[in-house]
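The values are calculated or read from the model by the stated rules, or taken from the named source; none is laboratory data. All values reported here derive from a predicted model rather than from experimental measurement. Cβ atoms come from the backbone with ideal geometry, glycine included; neighbour counts cover every protein chain shown.
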Amino acid sequence: MNRTSFILLIAILLTIGTSCNPKPTPSNDSSTVPGVTSTLLPPIPVKPGEANPDEPVFISGAIPYTSPFFLASTAEPFVMLEDEAGFVKRDQEFEFLLQGQAIGPVEIDEEDKLTYYLSLPAIPQGTYVDVDNDDTEDLGIQVFAVAYWSNTWGGPFLEERDGKGWSSAYASTITNPEDDYEITGGTLVVWSPDEEQGFPTDFGADGKLFTADDPTGPIPAGYNLVDLNQKPFKVYKEANTKLDLIEGAGEVNDYSSLSYEEAFQKLFEKASREYPFTEEKSLDWEVLYSEYLPRFKEVGSSKEFNRLLREFSYRIPDGHVGVSFDPDIFYDEHGGGFGLVLGELSDGRVLVKEVLADLPADRGGIRAEAEIISWNGKPVSEAVEEVVPFFGPYSTQHAKHRGQVDFLTRVPPEIEIEIVFINPEENQEKNVVLKADVEYDSLFKILPGYDQDPLALPIEGNILDESGLGYIRINTFQDDYNLLARLWERNIQNLLDNETPGLILDLRNNSGGSGGLAMDFAGYLFDEEFLLHENFYYNEITGLFEKNDYPTRVKPAPLLFEGPVAVLVGPSCVSACEFFAYALQHENRSIILGNYPTAGAAGEVGLGQYTLPDEISMQFPTGRPETSDGKVVIEGTGVIPDITVPVTEESLLEQEDTLLEAAIQALLQEIE
């Protein structure tokens, strides 16, 4: 593999474990707002009269974004004239009516810039809301935002699982995540059936839109654009309107124009305040700041800045903390290898899984299945514990330890290492001094999923011949969402059509992705809705971590597989993958099997992205998942297997998939 291919692949792999919701939907109860009523009625024609040449008929604009996750998973993007009756009523569960969904195309050019186009229907089919606060019940108006969406489930329009409530990102409105995603600015599209309707002219004394204290005034018939950024609101008409959408909550924190020292200070100030697991990790942020600030003051180059950021990140044991990949730094520190692929047994022995031809280990006489006794003058177990893996930090010790075993063989080029080993079928120790070549092939052998067919689908299933059990491997929740949804539903349907007695889900190399999609998948295995966990975020207003109003729930899907389920996990099951496995533990719905627990990285990272000088980026988790009794979910522990299967020589050397065999036997016993 050449250097360019290596850099591209590593850049992709560094997104492993991200779990985000790039378009978070706010939540609140659906209690009635004073002075607001909502009815869906047949359309009323605009009063006859001379046509207004400025009557809005077409809206277009750009969709700017900075989030690295924005384009990662969308398959069928579009913009919609989004019915804001959900916001008017503060109803998170508001569903966008099918007949009211006016949608338009999104164009993505060669530079990944997005432009949208939206033709307005002659008479929109949204929800009428009476918001004029005049104590007289009348028909009211229809209120919309222009919002970006992407279809995942069902047909080309939104259904309940695709989204509901109101948009807080990539829309024509601005919302405040610190205040239940109240609309605080931007532009609304308002349609009035006649000249007799009213609309707020300001936010009122409480600073909130569509509440009883809003001052109101008349609004013209037909379509109107309402600029909420002006006081009083500006109501205007424009036939062909240019209206760029607003990224909102998903926007990256941009400190790229600052000096190295200033960027670190800004990053530290925000990230340390919003970091959700300070107590669990026993972090002393003041000590870290006093230790690292003087060193950042001395930084004089991009490479030094990246290295120091990475060192700083290692002090925070969290698999969701990360710094962007620098290939030159990797080359300096780990570009050398010996053509050795190692693995550790459950009894602590380190064996050679593979020796690559014509590389130092092969030339030095080391053979596959050899046992490593010592490494550069130290017992191999001691040498492993001193390794600092490049792809850290880690949330759990078991995940870190596996990384240390993997990176034992990664050293600077030309470095010489003395190795003591015992080849298979030989009873005597041998020692050899090897000089590291510049090689990456052995590195890629240890990366999760690298050996998978590049043309394979992200979800694949089959019926196991001897047992008749179903087997589905889910490699990611971060791909084309629509494709993932269709593949999952098709596999479940096939299980039902074939009356499959049990199911094995293989998540061992699932790098995470969309937590929402993972919960949708889980819904195919449950017949009743349940709360999985609450979500807590730092509130700038109160200075506290507070529970938001949209907990993570699992809701039954259109199809239901009722048979027993076994789930295969390991440290490469990260983030959204872990929440999926955790959900399947609910009320013992499934049996979890693994050689080790999952990675234990549970923080949400969609809102914790930072752009720093020299195009260096960093991420920190911001969201904190808790059970209803206040216990942190997954972070620092991972999902613990119900059945722990030891790593044997046969499984390590891939002569037998002992984990899969254990799952088959567990399910067959349950079926009997």
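One residue is enough: does region 224-231 have a residue meeting the conditions within 30 Å of Phe58 (Cβ to Cβ), in contact (Cβ under 8 Å) with a residue 60 or more places away in the chain and over 30 Å from the mean Cα position of the chain (by Cα)? Scanning region 224-231 turns up at least one residue that is within 30 Å of Phe58 (Cβ to Cβ), in contact (Cβ under 8 Å) with a residue 60 or more places away in the chain and over 30 Å from the mean Cα position of the chain (by Cα).
For the structure I just gave you, tell me whether Asp206 is closer than 19 Å to Gln230 by Cα and assigned to a loop (DSSP other than H, G, I, E, B).
Values: closer than 19 Å to Gln230 by Cα: yes; assigned to a loop (DSSP other than H, G, I, E, B): yes.
Yes.
On the stretch given as region 582-603, residues that are touching a Ser or Thr at 6+ places or on another chain (Cβ under 6 Å) and within 19 Å of Gly516 (Cβ to Cβ) total 2. A single entry from Leu653, Leu659 fulfils the requirement of being over 22 Å from the mean Cα position of the chain (by Cα) and surrounded by 22 or more Cβ atoms within 10 Å (Cβ to Cβ): Leu659.
When residues in region 39-84 are screened for being outside any loop (DSSP other than H, G, I, E, B), of a type outside the set (A, V, I, L, M) and either modelled with pLDDT under 90 or out of contact with any helix residue (DSSP H, G or I) (no Cβ under 6 Å at 6 or more places or on another chain) (or both), 7 of them pass.
Report, by residue number, each residue of region 232-256 that is out of contact with any Ser or Thr (no Cβ under 8 Å at 6 or more places or on another chain) and in contact (Cβ under 8 Å) with a residue 12 or more places away in the chain.
Of the residues in region 232-256, the ones out of contact with any Ser or Thr (no Cβ under 8 Å at 6 or more places or on another chain) are 234-239, 244.
Within region 232-256, Val235, Tyr236, Lys237, Glu238, Ala239, Asp244 meet the criteria.
Just one of the listed residues (Asn494, Asn475, Asn498) is more than 24 Å from Phe69 (Cα to Cα), surrounded by 15 or more Cβ atoms within 10 Å (Cβ to Cβ) and polar (S, T, N, Q), and it is Asn494.
Do you know which of the residues in region 256-290 that are within 20 Å of Lys631 (Cα to Cα) and over 24 Å from the mean Cα position of the chain (by Cα) is surrounded by the most Cβ atoms within 10 Å (Cβ to Cβ)?
In the first step, residues of region 256-290 are kept if they are within 20 Å of Lys631 (Cα to Cα); the result is 274-283.
With over 24 Å from the mean Cα position of the chain (by Cα) added as a condition, the list becomes 282-283.
Numbers: Ser282: 8, Leu283: 17.
Taking the candidates together, the pick is Leu283.
Being under 30 Å from Ser272 (Cβ atoms), in contact (Cβ under 8 Å) with a residue 60 or more places away in the chain, of a type in the set (Asp, Glu) and surrounded by fewer than 21 Cβ atoms within 10 Å (Cβ to Cβ) holds for only one residue in Glu298, Glu333, and it is Glu333. Take Glu534 and decide whether it is of a type in the set (D, E, K, R), in contact (Cβ under 8 Å) with a residue 12 or more places away in the chain and surrounded by fewer than 16 Cβ atoms within 10 Å (Cβ to Cβ). For Glu534, the condition - of a type in the set (D, E, K, R), in contact (Cβ under 8 Å) with a residue 12 or more places away in the chain and surrounded by fewer than 16 Cβ atoms within 10 Å (Cβ to Cβ) - is not met.
Being out of contact with any helix residue (DSSP H, G or I) (no Cβ under 7 Å at 6 or more places or on another chain), assigned to a loop (DSSP other than H, G, I, E, B) and surrounded by 13 or more Cβ atoms within 10 Å (Cβ to Cβ) is the filter here, so list the residues in region 450-463 that pass it. It would help to see each step written out before you state the result.
Our first condition is that a residue be out of contact with any helix residue (DSSP H, G or I) (no Cβ under 7 Å at 6 or more places or on another chain); within region 450-463, this holds for 451-456, 460, 462-463.
Next, from what is left, pick out any that are assigned to a loop (DSSP other than H, G, I, E, B): 451-456.
If the condition is that a residue be out of contact with any helix residue (DSSP H, G or I) (no Cβ under 7 Å at 6 or more places or on another chain), assigned to a loop (DSSP other than H, G, I, E, B) and surrounded by 13 or more Cβ atoms within 10 Å (Cβ to Cβ), then Gln452 is the only one that fits.
Of all residues in region 140-165, those satisfying the criterion of being more than 19 Å from Gly204 (Cβ to Cβ) and either assigned to a strand (DSSP E or B) or hydrophobic (A, V, I, L, M, F, W, C) (or both) are Gln142, Phe144, Ala145, Val146, Ala147, Tyr148, Trp149, Ser150, Trp153, Phe157, Leu158.
Against the test of being outside any helix (DSSP H, G or I) and closer than 18 Å to Phe330 by Cα, the options Val388, Val405, Val432, Val420 yield a single qualifying residue, Val388.
Please count how many residues of region 624-646 are part of a strand (DSSP E or B) and either outside the structural domain of Thr552 (by TED's automatic domain parsing) or among the hydroxyl-bearing types (Ser, Thr, Tyr) (or both). Show your work before the answer.
Taking region 624-646 first, the residues part of a strand (DSSP E or B) are 624-626, 632, 643-644.
Filter once more, so that each one left must be either outside the structural domain of Thr552 (by TED's automatic domain parsing) or among the hydroxyl-bearing types (Ser, Thr, Tyr) (or both): 644.
Residues meeting the conditions: 1.
If you go through region 434-463 and keep only what is touching a residue at least 24 places away in the same chain (Cβ under 8 Å) and among the aliphatic types (A, V, I, L, M), you end up with Leu434, Ala436, Val438, Leu443, Ile446, Leu447, Leu457, Ile459, Ile463. Where strands (runs of 3 or more DSSP E) fall wholly inside region 571-623, no range has 2 or more residues that are buried (at least 23 other Cβ atoms within 10 Å of the Cβ) and among the hydroxyl-bearing types (Ser, Thr, Tyr).
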